[in-house]
Amino acid sequence: MAFIRINGPTPLSGQVVAGGAKNAALPILAASLLARGTCHLSSVPRLEDVATMCQVIEGLGARLAGMERGIKVTVDDVNDRVPPEELVRKMRASVLVMGPLLARTGRARIPLPGGCAIGARPIDLHLKGFHAMGAQVSLADGEVEARAARLHGASIYLDYPSVGATENLMMAAVLAEGETVIEDAAKEPEIVDLATFLLSLGADVHGAGTPVIRIRGVGELHGADHTVIPDRIEAGTYLLAACGTQGDVSVHNVVPEHMKAVVAKLREMGAEVQVGERSVHLVMPGRVRPTDLKTFPYPGFPTDLQAPMMAVLTLAAGSSVVTETVFENRFMHASELMRLGARIRMDGRVAIIEGTDHLWGASVRATDLRAGAGLVVAGLMAHGVTDVCDAHHLDRGYDDLAGKLRKLGAHVVRVEDDDYFAERWERIHLR
Ligand code: EPZ
């Protein structure tokens, strides 16, 4: 089990470069199954989840090769084998191969992804959309199957602007007979990036980034080259870490348009933020001011930065109210933050953070990717040694987090340790 050991507090200082967006790379890798030909995908981040998605699409017939900071994907025929359960359970985004499989082969069958630490994560909106497009959908033996000789266009209204459902239905629609209209569609930048990729394959997609996406099916799609957009969540994580440690950091390879909600909140908290063409520079001259926060679908404040934000607010000069409107169980990091001395009260989807004047280091456990990021941010702010255990969660979404933080002056190291608690108990026992 790996853990990240941080000796804080340290004001972060310097330059850091954000990688390609995980949540754009994953649907785009799935979408490569739609094209007969070769796609050169650049700025694909080196992350666990990307490696998992590569395994899934290879199992379905894609041939992959590495290239300079990217992946070359060649697809001729696609098979409709069921992706292995352990891969789907490991990464829920595997569900995104359903749309391409249904469009290319007329059959998509995957193990039900099940829930995860942050919520039940149902896929009912995905399945309802496939059904509207003419697929027969059935659930049996822990698997979900959708079948259709050929999908037809449909008018689909999403009960919730689900990112994954919007992506899956876009991918199903590009080879369907006729026009599909997706209303109340998700508007995230990653949706727009997927649409840009689909258009480069020869698809007919309009309206991505707005609540109404129109797709007219075409006969076949060809290969193309694409550069994945920068990761706004990774960039936001570093900006929040700089804010929480009263640092001075520039984050490069950023699309400022994608960071508006985060930059607005940082400024509310007292940070001085300059926005450049492709970078954001943050200086935090003093103690964080408290603020109230509600997470929302884009362009609202992203739920994926709620945990790092909560970490920063634990040292604010007053109380803050954080409301998580997207997922039903995304406060797992709060109880771990309290082990560091944070004062947090929770009631359902609302957490009240009473700012304190310092945190102290302790051993904490990451329950999921972004909770782990929040705990790392808190460790950078805490006095003494903080160990963030189960650091493998972080590998899913952050490329070399410890290394990038060290370059910003943090005293942080990643330790691969088979039996963390035995080693720690031994040391405590000997004290
Ligand atoms: C994507 O997940 C992201 N993952 C998540 O990032 C992100 O937190 C989320 O969007 C919200 O922005 C990827 O893009 C790979 P949703 P997704 O469908 O598509 C409910 C990270 O840390 N819902 O927009 O699963 C659902 O339960 C990850 O990088 C249904 O009820 O999110 C949730 O409450 C975590 N039925 C809400 O919608 C459905 O059929 C938002 O889910 C689908 C979703």
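The values are calculated or read from the model by the stated rules, or taken from the named source; none is laboratory data. No experiment lies behind these values; they were computed from the predicted model shown. No Cβ is skipped: glycine too gets one built from the backbone with ideal geometry, and neighbour counts run over all protein chains shown.
Only one residue in Val95, Val88 is surrounded by 22 or more Cβ atoms within 10 Å (Cβ to Cβ) and at pLDDT below 95, so which one is that?
That would be Val88, the only listed residue that is surrounded by 22 or more Cβ atoms within 10 Å (Cβ to Cβ) and at pLDDT below 95.
Quick grid of which residues meet (1) in contact with a Pro (Cβ under 9 Å, 6 or more places away or on another chain); (2) under 26 Å from Ala62 (Cα atoms); (3) β-branched (Val, Ile, Thr):
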residue: Arg89; (1), (2), (3): yes, yes, no
residue: Leu102; (1), (2), (3): no, yes, no
residue: Cys116; (1), (2), (3): no, no, no
residue: His126; (1), (2), (3): no, yes, no
residue: Glu143; (1), (2), (3): yes, yes, no
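For segment 20-44, what are the residues that are surrounded by 24 or more Cβ atoms within 10 Å (Cβ to Cβ) and not hydrophobic (A, V, I, L, M, F, W, C)?
Correct list: Gly20, Lys22, Asn23, Pro27, Ser32.
Every residue, every condition in (1) out of contact with any helix residue (DSSP H, G or I) (no Cβ under 7 Å at 6 or more places or on another chain); (2) closer than 29 Å to Leu87 by Cα, yes or no:
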residue	(1), (2)
Ala140	yes, yes
His152	yes, no
Glu167	no, yes
Glu183	yes, no
Pro189	no, yes
Ala224	no, yes
Ile229	no, yes
Thr237	no, yes
Gly247	yes, no
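I'm checking my understanding of the structure. Among residues of segment 279-293 that are touching a residue at least 40 places away in the same chain (Cβ under 8 Å) and surrounded by fewer than 16 Cβ atoms within 10 Å (Cβ to Cβ), which one is farthest from Gly355 (Cα to Cα)?
The selected residue is Gly286.
Tell me which residues, restricted to segment 122-151, are surrounded by 15 or more Cβ atoms within 10 Å (Cβ to Cβ), part of a loop (DSSP other than H, G, I, E, B) and within 12 Å of the ligand (Cβ to nearest atom).
Result: Ile123, single match.
Need at least 2 residues that are of a type in the set (Lys, Arg), in contact (Cβ under 8 Å) with a residue 12 or more places away in the chain and within 20 Å of Tyr157 (Cα to Cα) per element, so show me which strands (runs of 3 or more DSSP E) inside segment 183-232 make the cut, counting only ones lying wholly within it.
Details: elements: 204-206, 212-216, 225-227.
The strands (runs of 3 or more DSSP E) meeting that bar are 212-216.
Filter segment 154-176 down to the residues that are among the charged types (D, E, K, R) and either in a helix (DSSP H, G or I) or touching a Cys at 6+ places or on another chain (Cβ under 9 Å) (or both) and list them by number.
Once the filter is applied, which keeps residues that are among the charged types (D, E, K, R) and either in a helix (DSSP H, G or I) or touching a Cys at 6+ places or on another chain (Cβ under 9 Å) (or both), segment 154-176 yields only Glu167.
Under 7 Å between Cβ atoms, which residue pairs at least 6 apart in sequence (or on different chains) link something in segment 162-181 that is within 19 Å of Ala25 (Cβ to Cβ) with a partner that is part of a strand (DSSP E or B) and away from the ligand (no atom under 16 Å from the Cβ)?
Between residues of segment 162-181 that are within 19 Å of Ala25 (Cβ to Cβ) and residues that are part of a strand (DSSP E or B) and away from the ligand (no atom under 16 Å from the Cβ), the close pairs are Met170/Val205; Met170/Ile215; Val174/Val205; Val174/Ile215; Val174/Leu221.
(1) away from the ligand (no atom under 13 Å from the Cβ); (2) buried (at least 18 other Cβ atoms within 10 Å of the Cβ): which one isn't true of Val163, the others all being true?
If we test Val163 against (1) away from the ligand (no atom under 13 Å from the Cβ); (2) buried (at least 18 other Cβ atoms within 10 Å of the Cβ), just (1) comes out false.
What single numbered condition from (1) under 22 Å from Thr10 (Cβ atoms); (2) in contact with a helix residue (DSSP H, G or I) (Cβ under 9 Å, 6 or more places away or on another chain); (3) modelled with pLDDT of 95 or more fails to hold for Trp360?
(2)
So is Gly66 more than 24 Å from Val280 (Cβ to Cβ) and more than 19 Å from the chain's Cα centre (by Cα) or not? If you could, list the steps in order and put the result at the bottom.
Numbers: more than 24 Å from Val280 (Cβ to Cβ): yes; more than 19 Å from the chain's Cα centre (by Cα): yes.
In short, yes.
Within the set of pairs 6+ apart or on separate chains, which have a first residue in segment 330-346 that is buried (at least 21 other Cβ atoms within 10 Å of the Cβ), a second that is among the basic types (Lys, Arg) and in a loop (DSSP other than H, G, I, E, B), and C-beta atoms under 9 Å apart?
As it stands, the answer is Arg330/Arg349; Phe331/Arg349, since those pairs meet every condition given.
Of all residues in segment 298-314, how many are within 14 Å of the ligand (Cβ to nearest atom) and assigned to a loop (DSSP other than H, G, I, E, B)? Even if it seems obvious, please write down each step before you answer.
Narrowing segment 298-314 to residues within 14 Å of the ligand (Cβ to nearest atom): 298-309.
Cutting the leftovers down to assigned to a loop (DSSP other than H, G, I, E, B) gives us 298-300, 302.
So the answer is 4.
For Gly236, indicate whether it is part of a loop (DSSP other than H, G, I, E, B), out of contact with any Phe, Trp or Tyr (no Cβ under 8 Å at 6 or more places or on another chain) and over 15 Å from Leu34 (Cβ atoms). First the steps, then the outcome.
Working: part of a loop (DSSP other than H, G, I, E, B): no; out of contact with any Phe, Trp or Tyr (no Cβ under 8 Å at 6 or more places or on another chain): yes; over 15 Å from Leu34 (Cβ atoms): yes.
Spelling it out, it is not the case that Gly236 is part of a loop (DSSP other than H, G, I, E, B), out of contact with any Phe, Trp or Tyr (no Cβ under 8 Å at 6 or more places or on another chain) and over 15 Å from Leu34 (Cβ atoms).
Kindly establish whether Val174 is among the hydrophobic types (A, V, I, L, M, F, W, C), surrounded by fewer than 17 Cβ atoms within 10 Å (Cβ to Cβ), modelled with pLDDT of 95 or more and touching an Asp or Glu at 6+ places or on another chain (Cβ under 9 Å). Talk me through it step by step, then tell me what you get.
Values: among the hydrophobic types (A, V, I, L, M, F, W, C): yes; surrounded by fewer than 17 Cβ atoms within 10 Å (Cβ to Cβ): no; modelled with pLDDT of 95 or more: yes; touching an Asp or Glu at 6+ places or on another chain (Cβ under 9 Å): yes.
Judged against the criteria, Val174 is not a match.
Hey, among the residues in segment 315-329 that are out of contact with any Leu (no Cβ under 8 Å at 6 or more places or on another chain) and without any contact (Cβ under 8 Å) to a residue 60 or more places away in the chain, which one's nearest to the ligand (Cβ to nearest atom)? Explain how you work it out, then say what you get.
Within segment 315-329, the subset out of contact with any Leu (no Cβ under 8 Å at 6 or more places or on another chain) is 316-319, 324-329.
Checking which are without any contact (Cβ under 8 Å) to a residue 60 or more places away in the chain leaves us with 316-319, 324-326.
Values: Ala316: 24, Ala317: 29, Gly318: 28, Ser319: 26, Glu324: 10, Thr325: 9, Val326: 5 Å.
My answer is Val326.
Can you name the number of the only condition in (1) in contact with a Leu (Cβ under 6 Å, 6 or more places away or on another chain); (2) buried (at least 24 other Cβ atoms within 10 Å of the Cβ) that Gly14 fails?
(2)
Would you mention how many residues in segment 206-230 are over 28 Å from Leu47 (Cα atoms) and surrounded by fewer than 23 Cβ atoms within 10 Å (Cβ to Cβ)? Outline the logic, then answer.
Initial filter on segment 206-230 (over 28 Å from Leu47 (Cα atoms)): 206-207, 210-220.
After this cut, where a residue has to be surrounded by fewer than 23 Cβ atoms within 10 Å (Cβ to Cβ) as well, the list is 206-207, 210-212, 214, 216-220.
Residues meeting the conditions: 11.
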